[in-house]
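Encoded as structure tokens, the structure appears first; notes follow it.
Nothing in this text is a laboratory measurement; each read-out follows from the coordinates by a stated rule. Keep in mind the model is a prediction, meaning the values are calculated, not measured. Reconstructed Cβ throughout: ideal geometry from the backbone, glycine too, with neighbour counts over all protein chains shown.
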Amino acid sequence: MGCGAGNFAAKGRDQVIGTGVCCERCPGATVAVTSTIARRRLYKAAVFSPPPPSAGRGWVAHGGSATPAHLYRVVTGQIVDVSPQVLVLGDASGERRFVLTPDATAWRGGPLTPSALRPGDDVVLRLRPGSPGIADRAWANIGRVSGTILRQDDDALVVSAGATWAKAATSPQRVVVIPPHASGRIQVRFPNLRPGYLIDVIGVQRGGVLQGLIPATSQPPYRSDRVPVPQSASGRLPESITGAAIWHDSADEPHGVLGVRYPALDPSNGCAEDRAAGFPPGHAPAYRDLPYLAVGSSLLVANECTGASWTFPITGCAPVARLFNDRCLTCGTSPRGRVADLTLASFVALGGELETGCFNTTLTIGR
């Protein structure tokens, strides 16, 4: 059993990215490995199917034939041309055409028809299961910022992706601008935009700034450095874990990589973000008390809303996701707490809608 990722031509907000997702092979072993080995596997998966020699920056690939028939495939790239029936991704070095289904939908800050997308838009394209050239969903310029508010500069929020407010200076920072027409919707769910409080918003990426349009959840009532102490879990390793699965928007990963970040890494394996913030092993704050797992081990992630499931490798920790006490309400009500932080491609592959932000999940630990 395995999964994988296609190729990527370049990485960066200002670059054209061509990425395909397949499920041909991935690190699926359940042994504990070091984060270095796991990271090598992750990037090996990202370049496992290199583009043909003639393909250059912006070339777009699609998933291999081994992709499970029940999972969606994902393609990312930049729009070259679009019509009501066909969408073309790529650039001067290569293009690929995708047929749009009659009921295909799109999103760019809100619902719209695919023909309303524009050349130059960066797109996440969802391909129908078993149909590598047919797309039924597109998200243009979508981004997400989740973390601790550091400060408010005029009409912008500076957000840290770190573990807590107290350790925020060591973490990557993102800028969020909330336009007037979205401020009411955002502040209903996030009434406290003061430094130290958590925020999670989805919107349109413009350069290095996210225009925040949709609250991805409700704001916890506590500061990120005052997370309630969780109840201790029993010593027995559970057969399954239920909660919310989310997706993250990261410039540190090749687009198209399949994997999951897990909130409770084995202290001996370590979480790089915790070490950078100065937390002793096993002492970083977390809302849920989850069993420890190692980077490189496998985790079966099931989307309870669509019935789709697949085994992904654990690629790292989730220092921000573990701070939230929210529930996912996509289909019913999940238990409180985020238990899986998926790559964008993994989230879509299991049928997740990016603008929704989460789905109810059950995790089964690999044996």
Label-zone membership for region 308-344, site ALA276, 7 angstrom Cα→C-beta point, backbone N under 12 Å: 317, 319-320
Using the Karplus equation 6.51 cos²θ - 1.76 cosθ + 1.60 (θ = phi - 60°), what ³J(HN,Hα) coupling, rounded to whole Hz, does each residue of region 107-121 give in order, writing x for Gly and Pro? 9, 8, x, x, x, 7, 7, x, 5, 7, 5, 10, x, x, 5
SER115-ARG206 FRET efficiency (beta carbon distance; Förster radius 22 Å; 0.05 resolution): 0.50
Phi-based couplings in Hz for region 331-344 (Karplus 6.51, -1.76, 1.60; Gly and Pro marked x): 8, x, 10, 7, x, 5, x, 8, 10, 8, 10, 8, 5, 4
